[in-house]
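Here the structure is laid out as structure tokens; the discussion comes afterwards.
Rule-based calculations on the coordinates, nothing more; no lab input. It should be emphasised that the depicted structure is a prediction, and the values quoted were computed from it without experimental measurement. Neighbour counts are summed over all protein chains in view; Cβ atoms, including those assigned to glycine, are modelled from backbone coordinates with ideal geometry.
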Amino acid sequence: KKLIIINGPNLNLLGKRETNIYGNLTFTEFYDSAVEKYTSVSLEHFQSNIEGEIIDKIQEVGFSYDGIILNAAAYTHTSVGIGDAVKAVTTPVVEVHISNTFSREEFRHQSYISPNAKGVILGFGLQSYELAIQSFI
Ligand code: DQA
């Protein structure tokens, strides 16, 4: 199975950004161990701080890959465009968040992704991504 993790803005700073919320591991450290662990899937990773690049990537993979694991980060709460892209493609999208967005500020309770996601996994730290991978196996 062909899966891609798409990460949105500021997730390139994992390991040094608000470590009390997001932990000490860099995404690369997590990703490398996931690639090693889940040998039955072909895993890719894409990160961008730019809304349009995230939309481009969803369009590019969204008619051929078996799954998209999407942490749109702050764009989750603002982007009608990313929400529409998720709706437009045929590849199932699992929405992921590292933190429990419902235990945080009110503005993080809204998601433009959730209505069109296959499912949502949040609050388990970087393990949220792993649970999303497992959901496709
Ligand atoms: C996040 C939650 C968002 O509210 C926040 O803007 C992020 C990360 C998470 O993974 O917990 O950047 O998507």
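Return a single number: how many Lys pairs in region 1-94, at a sequence separation of 8 or more or on separate chains, have alpha-carbon atoms below 27 angstrom apart.
Number of lysine pairs found: 10.
Using the Karplus equation 6.51 cos²θ - 1.76 cosθ + 1.60 (θ = phi - 60°), what ³J(HN,Hα) coupling, rounded to whole Hz, does each residue of region 80-95 give in order, writing x for Gly and Pro?
For region 80-95, the Karplus curve yields 5, x, 5, x, 5, 5, 4, 5, 6, 8, 9, 5, x, 10, 9, 7 Hz.
Search the structure for amide H atoms under 5 Å from the amide H of residue 42, placed 1.01 Å from N in the peptide plane, and list their residues when 5 or more places away or on another chain.
Residues meeting the amide H criterion: 2, 3.
Can you order the peptides 71-79, 91-99, 39-47 by their average number of other Cβ atoms within 10 Å per residue, highest first? Before the final figure, lay out each step's value.
Working: 71-79: 20.2, 91-99: 22.1, 39-47: 15.1.
Answer by packing, highest mean first, reads 91-99, 71-79, 39-47.
What are the ³J(HN,Hα) values, in whole Hz, obtained from phi via the Karplus relation 6.51 cos²θ - 1.76 cosθ + 1.60 with θ = phi - 60°, for each residue of region 41-55 in sequence order, with x given for Gly and Pro?
10, 9, 10, 10, 9, 9, 10, 8, 8, 10, 3, x, 5, 5, 4
Could I have the simple spin-label model distance between residue 60 and residue 35, label points 7 Å from Cα toward Cβ, reported in nm to one decimal?
1.6 nm
Give me log10 I(q)/I(0) at q = 0.15 Å⁻¹ for region 2-135, Debye formula, one equal scatterer per alpha-carbon, no solvent.
-0.65
Starting from the Cα-Cα distance between residue 50 and residue 25, subtract it from 0.36 nm times their residue separation and give me the gain in nm to one decimal. Display every interim value, and only then the final one.
Details: separation 25, 0.36 × 25 = 9.00 nm, distance 2.29 nm.
6.7 nm is the gain from fully extending residue 50 to residue 25.
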